[in-house]
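So the structure is just underneath, and the comments pick up after that.
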Amino acid sequence: MSARVAHPQEPHHPAEKPVIHCHKCGEPCKGEVLRVQTKHFHIKCFTCKVCGCDLAQGGFFIKNGEYLCTLDYQRMYGTRCHGCGEFVEGEVVTALGKTYHPNCFACTICKRPFPPGDRVTFNGRDCLCQLCAQPMSASPKEASCSSSKCPQPPIDMSSS
Ligand SMILES: [Zn+2]
Ligand SMILES: [Zn+2]
Ligand SMILES: [Zn+2]
Ligand SMILES: [Zn+2]
């Protein structure tokens, strides 16, 4: 290690460049310094809080002042698509308090993704597109009818 000789032309300023301390280990940062927002890190110190992987290489997330790799962030805070169960990133569709990939938010019956701006009918259990939400004839689950106006098919039990 060689001591750095101060440049002779440099005026000796009382307010010298403040020593940057690594946010992680607290040691002065020299050489390669990674700056993340207002904080500085040694390259080797900028690691995932959870798994310790090198965050300088890939993407990272900041949550509650802690630095996490994408995988750990998703595992801990990620939102899963209600349709396929995978994590949702980027464009999401939120409907009825649930989150979907745009392609996973699809009609339960015809499985086609809802076109943007289209009306979605939620029948309490399934999301249906306009076509599938059309009243269907006599759903078997709603066969019980208390109205006397309902034509009751005569049951012929007689055997001859
Ligand atoms: Zn450090
Ligand atoms: Zn990690
Ligand atoms: Zn999905
Ligand atoms: Zn449909």
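The values are calculated or read from the model by the stated rules, or taken from the named source; none is laboratory data. Computed from a predicted structure; not experimentally measured. Because the Cβ atoms are built from the backbone with ideal geometry, glycine has one as well, and the counts that use them run over all protein chains shown. Heads up: the accessible areas ignore ligands, DNA and RNA and are worked out on the full protein's heavy atoms, side chains in. Shrake-Rupley method; radii C 1.70, N 1.55, O 1.52, S 1.80 Å.
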Self-check item: Condition broken by Cys110, with the remaining ones in (1) within 16 Å of ligand 2 (Cβ to nearest atom); (2) more than 30 Å from Val33 (Cα to Cα) satisfied
Solution: (1)
Quiz item: Here is a list of conditions, (1) more than 10 Å from ligand 2 (Cβ to nearest atom); (2) under 25 Å from Gln37 (Cα atoms); (3) open to solvent by 60 Å² or more (accessible area, probe 1.4 Å), and Ala56 meets all of them except one; can you say which number that is?
Solution: (3)
Self-check item: Checking His40 against (1) closer than 30 Å to Gln134 by Cβ; (2) in a strand (DSSP E or B), the condition it does not meet
Solution: (1)
Quiz item: Tally time: how many residues in the range 36-60 are touching an Asp or Glu at 6+ places or on another chain (Cβ under 8 Å) and more than 15 Å from His23 (Cα to Cα)?
Solution: 2
Exercise. State the number of residues belonging to the range 99-121 that are open to solvent by 70 Å² or more (accessible area, probe 1.4 Å) and closer than 29 Å to Tyr73 by Cβ.
Key: 2
Practice problem: For the range 73-82, state whether one or more residues are in contact with a His (Cβ under 8 Å, 6 or more places away or on another chain) and assigned to a loop (DSSP other than H, G, I, E, B). | Solution: yes
Quiz item: Does any residue in the range 59-71 that is farther than 17 Å from Thr38 by Cβ come within less than 8 Å, Cβ to Cβ, of a residue that is more than 9 Å from ligand 2 (Cβ to nearest atom) and in a loop (DSSP other than H, G, I, E, B) six or more places away or on a different chain, and which pairs are these?
Solution: Cys69/Gly58; Cys69/Gly59; Thr70/Gly58; Thr70/Gly59
